[in-house]
Amino acid sequence: MFALLFQFFMNLDFFIKHFLEAYRGVAFAPGDREALREECATIVTELASEPPVLCHRDYHSRNLMLRGDQLCIIDFQDARLGPDTYDLVSLLRDSYVDLPWAVVDDLIAYFLALQGRSGEHEEFRRRFDLMALQRNLKALGTFGYQTTARGNPVYIQYIPRTLNYVRENLKRYPRFARLADLLSAHISELR
């Protein structure tokens, strides 16, 4: 659990440093950065408490290739333990592809049915959305880092879609009201 906790904290700090501060130029008022970190800590703690499974950790459309009629998975050097929602979130809330909520719901239901867990849809969806929020914030940090530190602006085009996913999850759950307020103060697209 400690390793997951540390990893998720680092991912959200990466978002703060590289997306908010470096890419968006946010200069936090006294206490605001700490307040944001406290809100992120509740997400991180909950995700880290989930039973870990082996995760690819970069399981999205660009890492799935067809060779003839065989599916090949690439870019798995970051594979490690994580929540059972991690890879499904990476695929269904992929920053490179738009999938409507209804399609995502259907695919989650299909995933759970294949595992004989159909009765878990509501709870799994809640955990899925929590993981999606963390994963999408992490992606924004990566896009900010690639743009500002590496001089690679290609990822800028994926920021609006990723912010849309974040906005949808923040609005979907009242428990994220404080986090939504803190983020929307610096990210107009989340208002």
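Brief remarks follow.
- Residue within region 119-141 that is surrounded by 13 or more Cβ atoms within 10 Å (Cβ to Cβ), of a type in the set (G, A, S) and assigned to a loop (DSSP other than H, G, I, E, B) present: no
- Of all residues in region 147-191, exactly one satisfies the criterion of being in contact with a Pro (Cβ under 8 Å, 6 or more places away or on another chain) and farther than 25 Å from E34 by Cβ, namely T147.
- Flag for R167 being under 15 Å from the mean Cα position of the chain (by Cα), in a helix (DSSP H, G or I) and farther than 23 Å from A48 by Cβ: yes
- Test: residue in region 145-154 that is closer than 24 Å to I43 by Cα, of a type outside the set (S, T, Y), more than 14 Å from the chain's Cα centre (by Cα) and in a helix (DSSP H, G or I): no
- Tally, over region 11-50, of residues that are part of a loop (DSSP other than H, G, I, E, B), buried (at least 16 other Cβ atoms within 10 Å of the Cβ) and among the small types (G, A, S): 0
- Contacts under 6 angstrom Cβ, first residue in region 164-190 being farther than 17 Å from E46 by Cβ, partner in a helix (DSSP H, G or I) and basic (K, R), 6 or more apart: L190/R167
- So V53, is it out of contact with any Cys (no Cβ under 8 Å at 6 or more places or on another chain), of a type in the set (V, I, T) and free of Cβ contacts under 8 Å to residues at least 40 places away in the same chain: yes
- Looking only at residues of region 51-65 that are surrounded by 16 or more Cβ atoms within 10 Å (Cβ to Cβ) and in a loop (DSSP other than H, G, I, E, B), we find that the one that is farthest from the chain's Cα centre (by Cα) is H56.
- Region 66-114: number of residues that are over 26 Å from V154 (Cβ atoms), surrounded by 12 or more Cβ atoms within 10 Å (Cβ to Cβ) and not charged (D, E, K, R): 9
No value in this document is a laboratory result; all are computed from the given coordinates. What you see is a predicted model, and the numbers here were worked out from it, not measured in a lab. Neighbour counts run over all protein chains shown; Cβ positions are idealised from the backbone, glycine included.
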